Amino acid sequence: DAFFDASASMKGLKVMITAGPTYEKIDPVRFIGNYSSGKMGYAIADEAARRGAEVTVVSGPVSVVPSEPGVRVIKVESAREMMEAAEHEFAGADVAVMAAAVADYAPVEPALSKIKREGGEPPVIRLVKNPDIAAALGERKRPGQTLVGFALETDHEMDNAADKMKRKHLDMIVLNSLRDKGAGFGTDTNLVTILSADGRTTRYDLKSKREVACDILDQICAMR
Ligand code: CTP
Ligand code: CA
């Protein structure tokens, strides 16, 4: 149709996005997870594909699917599986966006058979720290690669987000603000502030996740 699209083309760019939650096995039928819907990550994937990028989503268990044709999805379950796939995909990527809500801890060793209700004391589940996928990619980032992370903070949000960006060697971090009820997990809207490594900060209004995806990609394209 006759409408002018001002957004920069991403033709020729390879974009990798992590999305959704991770599931960490407790036993064959149970896991530790979180409420991430994957909607934000998939919205970025769709918008990048619409702009002509070659897009791969490394996705935890979600019910959303890409709406743009050509978006490749690699389904994983645990943080360790996500790490393996993300490291592999990052090698050939120009842009990586870490939108997944990765579990920080996993059970030390999942029980091999279903934990039963009867018998003795209730079980204690011991946890170990999961690998930090964003930080691992930040360590091996090459010149020309753009690495973007997310942060969800309850207090000192700007300072914490800036620290995270630095610590993980990110070029940009999207602070998901809890300033408004309509933002965050499971919703169709997000309220974000984008901080970039060069010190710039941009605050956005409450928008649909699709519009937020546009803002994030506009910023990425502007910094490359
Ligand atoms: N992230 C990741 N791997 C992890 C944890 C986080 O790749 N094991 C990424 C997220 O996808 C996000 C960014 O790092 O882009 C920040 O995630 P967040 O959970 O806010 O940071 P953490 O370093 O886990 O710090 P916190 O203690 O606040 O949870
Ligand atoms: Ca975390």
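The values are calculated or read from the model by the stated rules, or taken from the named source; none is laboratory data. What you are looking at is a predicted structure, and each value in this text was computed from that prediction instead of being measured. Neighbour counts are summed over all protein chains in view; Cβ atoms, including those assigned to glycine, are modelled from backbone coordinates with ideal geometry.
Let me confirm something: among Val128, Val124, Val148, Val174, which residue is modelled with pLDDT under 95 and either of a type in the set (A, V, I, L, M, F, W, C) or at negative phi (or both)? Before the answer, list the steps.
Numbers: Val128 fails: modelled with pLDDT under 95; Val148 fails: modelled with pLDDT under 95; Val174 fails: modelled with pLDDT under 95.
It is Val124.
Report the residue count in region 186-204 for those that are aromatic (Phe, Trp, Tyr) and touching a residue at least 24 places away in the same chain (Cβ under 8 Å).
Looking only at region 186-204, we keep the residues that are aromatic (Phe, Trp, Tyr), and these are 204.
Right, trim to touching a residue at least 24 places away in the same chain (Cβ under 8 Å) and you get none.
So the count comes out to 0.
Scan region 67-89 and tell me whether some residue there is farther than 25 Å from Gln145 by Cα and free of Cβ contacts under 8 Å to residues at least 40 places away in the same chain. Step through it out loud before you land on a result.
Of region 67-89, the ones farther than 25 Å from Gln145 by Cα are 67, 77-78.
Filter once more, keeping what is free of Cβ contacts under 8 Å to residues at least 40 places away in the same chain: 67.
Yes, region 67-89 contains a residue that is farther than 25 Å from Gln145 by Cα and free of Cβ contacts under 8 Å to residues at least 40 places away in the same chain.
Could you pull out the residue among Val128, Val108, Val124 that is within 16 Å of ligand 2 (Cβ to nearest atom), more than 25 Å from Glu47 (Cα to Cα) and over 17 Å from the mean Cα position of the chain (by Cα)? First the steps, then the outcome.
Working: Val108 fails: within 16 Å of ligand 2 (Cβ to nearest atom); Val124 fails: within 16 Å of ligand 2 (Cβ to nearest atom).
Being within 16 Å of ligand 2 (Cβ to nearest atom), more than 25 Å from Glu47 (Cα to Cα) and over 17 Å from the mean Cα position of the chain (by Cα) holds for just one of Val128, Val108, Val124, which is Val128.
When you go through (1) among the aliphatic types (A, V, I, L, M); (2) away from ligand 1 (no atom under 15 Å from the Cβ); (3) closer than 24 Å to Ile216 by Cα; (4) touching a residue at least 12 places away in the same chain (Cβ under 8 Å) one by one for Ala101, which number turns out not to apply?
(2)
Checking Ala96 against (1) over 22 Å from Val192 (Cβ atoms); (2) out of contact with any Ser or Thr (no Cβ under 7 Å at 6 or more places or on another chain), which test does it fail?
Here Ala96 meets the rest and fails (1).
Looking at the structure I just gave you, is Ile194 of a type in the set (A, V, I, L, M), modelled with pLDDT of 95 or more and more than 21 Å from Glu139 (Cβ to Cβ)? Even if it seems obvious, please write down each step before you answer.
On the way: of a type in the set (A, V, I, L, M): yes; modelled with pLDDT of 95 or more: yes; more than 21 Å from Glu139 (Cβ to Cβ): yes.
So Ile194 passes the test.
Among all residue pairs at least 6 apart or on different chains, which show Cβ distances below 8 Å where the first residue, located in region 123-151, is part of a strand (DSSP E or B) and the second is buried (at least 17 other Cβ atoms within 10 Å of the Cβ) and of a type in the set (S, T, N, Q)?
Close Cβ pairs (under 8 Å, with a partner that is buried (at least 17 other Cβ atoms within 10 Å of the Cβ) and of a type in the set (S, T, N, Q)) amount to Phe150/Asn176; Ala151/Asn176.
Being assigned to a loop (DSSP other than H, G, I, E, B), closer than 22 Å to Tyr42 by Cα and not aliphatic (A, V, I, L, M) narrows it down to one residue among Thr193, Thr154, Thr187; which is it? Break it down stepwise before answering.
Numbers: Thr193 fails: assigned to a loop (DSSP other than H, G, I, E, B); Thr154 fails: closer than 22 Å to Tyr42 by Cα.
Answer to the selection: Thr187.
Which of (1) surrounded by fewer than 21 Cβ atoms within 10 Å (Cβ to Cβ); (2) of a type in the set (Ser, Thr, Tyr); (3) more than 16 Å from ligand 2 (Cβ to nearest atom) does Ser59 not meet, given it meets every other one?
Unmet condition: (1).
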